[in-house]
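Since the structure comes first, as structure tokens, the remarks are kept for the end.
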2 protein chains.
Amino acid sequence: MGKVWFVGAGPGAADLITVRGSRLLGEAGAVLYAGSLVSRAALQWAQPGCDIADSKGTDLAEIIGWLMDRAQHHETVVRLQTGDPALYGALAEMAGPLDRAGIPVGIVPGVSSAMASAAAAAGETLTLPEVTQTVILTHIEGRTPMPERESLDALARHRCSLCIFLSIAHMASPALGCARTHRHRDVPALRPGARPRLPPCRADTRDLRIPR
Amino acid sequence: MGKVWFVGAGPGAADLITVRGSRLLGEAGAVLYAGSLVSRAALQWAQPGCDIADSKGTDLAEIIGWLMDRAQHHETVVRLQTGDPALYGALAEMAGPLDRAGIPVGIVPGVSSAMASAAAAAGETLTLPEVTQTVILTHIEGRTPMPERESLDALARHRCSLCIFLSIAHMASPALGCARTHRHRDVPALRPGARPRLPPCRADTRDLRIPR
């Protein structure tokens with residue numbers, strides 16, 4: 001019986017995975033990667049002959065089934081996810097059934113795109129004394145409903161750094177947003193680039209179309 | 001004139017640095033590491049003969065002076081910081097003066113201990129549909145003052161995941177906290193382990209001594 005590792009691939013560039021993650025990819029007999037979010041370049045760490053599949057278009061049950069099946073045949077199986085697996089990664093939904101089936105599970109954290117976005121913005125920092133000491137990671141309601149206490153309006157009242165995930169469809173003017181740094185209610189809104197080819201940007205919160 | 005890289009060492013274990021970060025350490029002629037927070041094991045990536053110094057006990061001006069001086073002599077200089085440089089890392093305070101002095105600056109993001117704490121808690125996830133889709137990274141007022149809008153009480157009202165940095169002095173019972181998972185006001189409070197030898201823990205927010 002093998003072990004299934006949930007590995008954070010990081011924010012996009014292949015070399016922003018952790019050393020531990022790249023080594024596990026090199027040892028893995030099978031890798032299931034989230035092709036809609038993880039760049040194929042990340043697979044450069046896998047060994048030749050590795051059983052590699054893209055989970056794009058499959059559902060949760062299929063993903064779990066694939067991992068369970070491969071764990072019967074390989075000592076190391078990797079589920080490669082974008083950013084960090086604990087953040088918007090459906091980690092509990094996948095690890096729970098494996099755990100209940102007696103399959104050992106390990107987790108390798110990854111660099112979140114929130115941190116990478118700050119780095120990419122050339123010296124942008126998420127916390128600054130006298131300005132803010134708090135960072136909120138959230139998203140705008142889409143397929144996954146948002147608890148009412150977590151509405152962007154309510155969160156923005158703290159006037160801290162706000163990193164908005166999974167919400168590109170709600171950017172009224174993403175291109176413009178990249179160049180605009182003025183602030184609405186003093187809240188800098190940083191849109192982590194969830195897809196490798198989309199640059200992160202800082203936007204005015206007025207550039208967000210928030211569904212009512 | 002060399003380039004100064006601010007590199008996130010990640011949450012503690014030497015192999016949780018990024019591949020890019022470990023490579024830059026291998027190329028660096030000089031490395032200044034935050035010894036009070038970064039494990040010496042992280043220096044294993046540096047080349048023999050590298051000019052390595054610990055910034056423990058030095059102030060911001062001395063750190064900037066050291067980096068400026070080494071940038072005159074080495075092509076690659078690394079400032080190695082715990083976690084991610086953009087989060088409680090005094091990044092703007094260091095990068096600003098270098099930038100104004102015409103020294104090129106680069107940033108390599110790192111895995112935050114918030115993500116690593118969730119991973120270390122064996123499958124703990126920071127977001128879960130129907131429960132919370134928001135994560136707040138913050139700390140309790142200490143040497144760095146907290147804006148009033150960012151009080152723990154105010155932030156806890158969202159009942160989302162709460163990662164409390166730099167606040168171990170305010171844990172009434174850190175050892176106990178590790179074993180307790182019940183929730184006060186439904187808020188799981190995860191204390192990222194800022195020092196390599198301190199394990200992360202989940203605590204009841206009642207176990208926090210919050211200064212008034």
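The values are calculated or read from the model by the stated rules, or taken from the named source; none is laboratory data. For clarity, every value in this text was computed on a predicted model and none was experimentally measured. Glycine gets a Cβ as well: all are built from the backbone with ideal geometry, and neighbour counts include every protein chain shown. For accessibility, only protein heavy atoms count, side chains too; no ligands or nucleic acids. Shrake-Rupley method; radii C 1.70, N 1.55, O 1.52, S 1.80 Å.
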Identify the single condition in (1) modelled with pLDDT of 85 or more; (2) assigned to a helix (DSSP H, G or I); (3) facing chain A (nearest Cβ under 7 Å) that B:I107 does not satisfy, given that it satisfies every other one. (2)
Which residues, taken from the stretch A:65-104, are away from every other protein chain (no Cβ under 14 Å), open to solvent by 10 Å² or more (accessible area, probe 1.4 Å), assigned to a helix (DSSP H, G or I) and in contact with a Gly (Cβ under 9 Å, 6 or more places away or on another chain)? A:R70
Of all residues making up the stretch B:5-49, the number that are aromatic (F, W, Y) and free of Cβ contacts under 8 Å to residues at least 40 places away in the same chain: 1
Return yes when A:R23 is within 14 Å of chain B (Cβ to nearest Cβ), out of contact with any Gly (no Cβ under 8 Å at 6 or more places or on another chain) and open to solvent by 30 Å² or more (accessible area, probe 1.4 Å) and no when it is not. yes
Which one of these is out of contact with any helix residue (DSSP H, G or I) (no Cβ under 7 Å at 6 or more places or on another chain), of a type outside the set (A, V, I, L, M) and modelled with pLDDT under 90: B:R100, B:R149, B:R159? B:R149
Across the stretch A:125-166, which residue is farthest from B:F165 (Cα to Cα) among those that are open to solvent by less than 20 Å² (accessible area, probe 1.4 Å), of a type in the set (V, I, T) and more than 7 Å from chain B (Cβ to nearest Cβ)? A:I140
Residue count, the stretch B:1-11 (criterion: within 11 Å of another protein chain (Cβ to nearest Cβ) and open to solvent by 20 Å² or more (accessible area, probe 1.4 Å)): 2
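One line per residue, one yes/no per condition, for (1) under 22 Å from B:E93 (Cβ atoms); (2) without any contact (Cβ under 8 Å) to a residue 24 or more places away in the chain:
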position: A:G65; (1), (2): no, yes
position: A:E75; (1), (2): no, no
position: A:E93; (1), (2): no, no
position: A:I103; (1), (2): no, no
position: A:A119; (1), (2): yes, yes
position: A:R143; (1), (2): no, yes
